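K.L.:
So that we are looking at the same thing, I have put the structure below in structure tokens.
The values are calculated or read from the model by the stated rules, or taken from the named source; none is laboratory data. If you're wondering where the values come from, they're calculated on a predicted model, not measured in any experiment. So basically every Cβ, Gly included, is an ideal-geometry build from the backbone, and we count neighbours across all protein chains shown. Note: areas computed on protein heavy atoms with side chains; ligands, DNA, RNA excluded. Shrake-Rupley method; radii C 1.70, N 1.55, O 1.52, S 1.80 Å.
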Amino acid sequence: INAEYGEAVVSTQSTGESINSRLALVMKSGKFTIGYRSTLKSIRQGKSKLIIIANNTPALRKSEIEYYCMLAKVGVHHYSGNNIDLGTACGKYFRVGCLCITDPGDSDIIRSMPSES
């Protein structure tokens, strides 16, 4: 049982690692907006391709973003870490509650996310 549990933990960790590496590639080569208000703005303008939300985002804010995404037919990924972890994954020294990817650049994050979430 312990071996299976350890294996499951490793697989989820590697998924997290791949998300972080893809996110780093987007930060380097793509276009994105960070923050709640700019994310909603880009969804409304129809520019967004993928939304990533931290797991400690308030429920009302999270549901509002999900609703906008449903209307705009945009993918939503619930990031496994909190807003501090998401900020670190983006290479920023501040907290990031949600971010919107408008152009993935060299990354395959748009194709890989819907299958994982």
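K.L.:
Among the candidates T102, T88, which residue alone is assigned to a strand (DSSP E or B) and not small (G, A, S)? Please lay out each step first, then the result.
P.N.:
Working: T88 fails: assigned to a strand (DSSP E or B).
From the options T102, T88, the qualifying one is T102.
K.L.:
Answer yes if at least one residue in the range 57-78 is touching a Gly at 6+ places or on another chain (Cβ under 6 Å) and open to solvent by less than 10 Å² (accessible area, probe 1.4 Å), and no otherwise.
P.N.:
So far as the range 57-78 goes, no, none of its residues is touching a Gly at 6+ places or on another chain (Cβ under 6 Å) and open to solvent by less than 10 Å² (accessible area, probe 1.4 Å).
K.L.:
Here is a list: S107, S42, S38, S63. Which entry is modelled with pLDDT under 95 and among the small types (G, A, S)?
P.N.:
Values: S42 fails: modelled with pLDDT under 95; S38 fails: modelled with pLDDT under 95; S63 fails: modelled with pLDDT under 95.
On inspection, the qualifying residue turns out to be S107.
K.L.:
Another one. Across the range 22-32, which residue is most open to solvent (accessible area, probe 1.4 Å) among those that are of a type outside the set (F, W, Y) and more than 18 Å from N82 (Cα to Cα)? Reasoning before the result, please.
P.N.:
Let us first name the residues in the range 22-32 that are of a type outside the set (F, W, Y), namely 22-31.
Now narrow it down to the ones that are more than 18 Å from N82 (Cα to Cα): 25-31.
On the way: L25: 66, V26: 0, M27: 36, K28: 176, S29: 44, G30: 18, K31: 128 Å².
Applying the filter and picking the extreme gives K28.
K.L.:
Since H77 meets every condition but one in (1) assigned to a loop (DSSP other than H, G, I, E, B); (2) out of contact with any His (no Cβ under 7 Å at 6 or more places or on another chain), which condition does it not meet?
P.N.:
So H77 meets the others, but not (1).
K.L.:
Can you tell me which residue in the range 39-74 is farthest from R111 (Cα to Cα), limited to those that are part of a helix (DSSP H, G or I) and under 14 Å from the mean Cα position of the chain (by Cα)? Full working, then the answer.
P.N.:
First, the residues of the range 39-74 that are part of a helix (DSSP H, G or I): 39-45, 59-72.
When the remaining residues are screened for being under 14 Å from the mean Cα position of the chain (by Cα), the result is 39, 62, 65-66, 69.
On the way: T39: 20, K62: 22, I65: 20, E66: 19, C69: 17 Å.
Result: K62.
K.L.:
Here is a follow-up. Filtering the range 33-44 down to residues that are free of Cβ contacts under 8 Å to residues at least 40 places away in the same chain and touching a helix residue (DSSP H, G or I) at 6+ places or on another chain (Cβ under 8 Å), which residue is least open to solvent (accessible area, probe 1.4 Å)? It would help to see each step written out before you state the result.
P.N.:
From the range 33-44, those free of Cβ contacts under 8 Å to residues at least 40 places away in the same chain are 37, 40-41, 44; that's our starting set.
Next cut, touching a helix residue (DSSP H, G or I) at 6+ places or on another chain (Cβ under 8 Å) only: 40, 44.
Values: L40: 10, R44: 145 Å².
Selected residue: L40.
K.L.:
Tell me, please, whether a residue that is open to solvent by 70 Å² or more (accessible area, probe 1.4 Å), of a type in the set (K, R) and over 23 Å from T15 (Cα atoms) can be found in the range 45-55. Spell out how you get there, then give the answer.
P.N.:
Going residue by residue through the range 45-55, those that are open to solvent by 70 Å² or more (accessible area, probe 1.4 Å) are 45, 47, 49, 55.
From the residues that got through so far, the ones that are of a type in the set (K, R) too are 47, 49.
With over 23 Å from T15 (Cα atoms) added as a condition, the list becomes 47.
Yes - at least one qualifying residue is present in the range 45-55.
K.L.:
Within the set of pairs 6+ apart or on separate chains, which have a first residue in the range 83-112 that is of a type in the set (S, T, Y), a second that is surrounded by 21 or more Cβ atoms within 10 Å (Cβ to Cβ) and part of a loop (DSSP other than H, G, I, E, B), and C-beta atoms under 7 Å apart?
P.N.:
Cβ pairs passing all conditions: T102/S48.
K.L.:
Pick out the one residue from L40, L50, L99 that is in contact with a Phe, Trp or Tyr (Cβ under 8 Å, 6 or more places away or on another chain) and under 19 Å from S18 (Cβ atoms).
P.N.:
On the way: L40 fails: under 19 Å from S18 (Cβ atoms); L50 fails: in contact with a Phe, Trp or Tyr (Cβ under 8 Å, 6 or more places away or on another chain).
After ruling out the rest, the residue left standing is L99.
K.L.:
Going through the range 79-96 one residue at a time, which ones are among the polar types (S, T, N, Q) and either closer than 19 Å to K41 by Cβ or open to solvent by less than 40 Å² (accessible area, probe 1.4 Å) (or both)?
P.N.:
Applying the first criterion (among the polar types (S, T, N, Q)) to the range 79-96 yields 80, 82-83, 88.
Of everything in the range 79-96, just one residue is among the polar types (S, T, N, Q) and either closer than 19 Å to K41 by Cβ or open to solvent by less than 40 Å² (accessible area, probe 1.4 Å) (or both), namely N83.
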